[in-house]
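Data first, discussion second: the structure below is written as structure tokens.
Rule-based calculations on the coordinates, nothing more; no lab input. Remember, predicted model here, so these are calculated numbers, not experimental data. We place every Cβ from the backbone using ideal geometry, glycine too, and count neighbours over all the protein chains shown.
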Amino acid sequence: MAAAGLFLLAFVAQAVIWRRRRPRAQYAGLIGLYLGAFALATAGLVAARLARAEALRALPLSPLDYATFALLYVGLVAAFGTTYSAVQADSPTMSVLLAIEATGGRGLGLAELLDRFTDRVLVHPRLDDLVRGGLARLRDGRYVIAPRGVLFARTFVLFRRLLGFGRGG
């Protein structure tokens, strides 16, 4: 229960911060926020336990309780992290689905969809995200991968290989 409560508290903090000023490097901001919340909460739980705040029944009692708390929290953050990319930027699949939904029962033909979803709609926002996130840089009119992008790409490829998928994209 404490892990879910902490996750919800961190999520509310993110919503407030992101509405006021979204960080340039959103994923680094997410990691900092959720790890910071975890570190502060864990320190608070340990301090409360050391202060013998026995009245607080939500406090972990054993190392296994702390491990369970950590595992649940990390699981919630990881699950949220996998969906964040679909929420923070316009997902091509969701954009197409919402465009079709907006027509009511009339629908959209392939030609209409191809006219509506151009590189300006699908590619440019992702390039902007890569540059803002520090994964790529624009140099002499060309996009080049940044060190953070190399690390991210190699991790992605390794994960896909571990799962038996091809290099992917």
### Query
Taking R0 as 45 Å, what's the FRET efficiency between Met94 and Arg52 from their Cβ-Cβ distance, rounded to 0.05?
0.35
### Summary
The helix 2-20 Cα axis meets the longest alpha-carbon principal axis of the chain at an angle in degrees, between 0 and 90 and rounded to 10, of 50 degrees
### Task
Pop the C-beta distance of Tyr84 and Ser62 into the FRET formula with R0 = 22 Å and round what comes out to the nearest 0.05.
0.10
### Task
Please get the size of the charge dipole for the chain, origin at its Cα centre, with Cβ charges of +1 on Lys and Arg and -1 on Asp and Glu, quoted in debye to the nearest 20.
520 debye
### Query
What list of ³J(HN,Hα) couplings, whole Hz, do you get for the stretch 115-123 from phi and the Karplus terms 6.51, -1.76, 1.60, once you set θ to phi - 60° and write x for glycine and proline?
5, 6, 9, 9, 4, 4, 7, 9, 8
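Evaluate E = 1/(1 + (r/R0)^6) for Ala4 and Ile145, where r is the Cβ-Cβ distance and R0 equals 41 Å; express this FRET efficiency to the nearest 0.05. Don't skip to the end; give the middle numbers.
Numbers: r = 37 Å, r/R0 = 0.91.
The calculated FRET efficiency here is 0.65.
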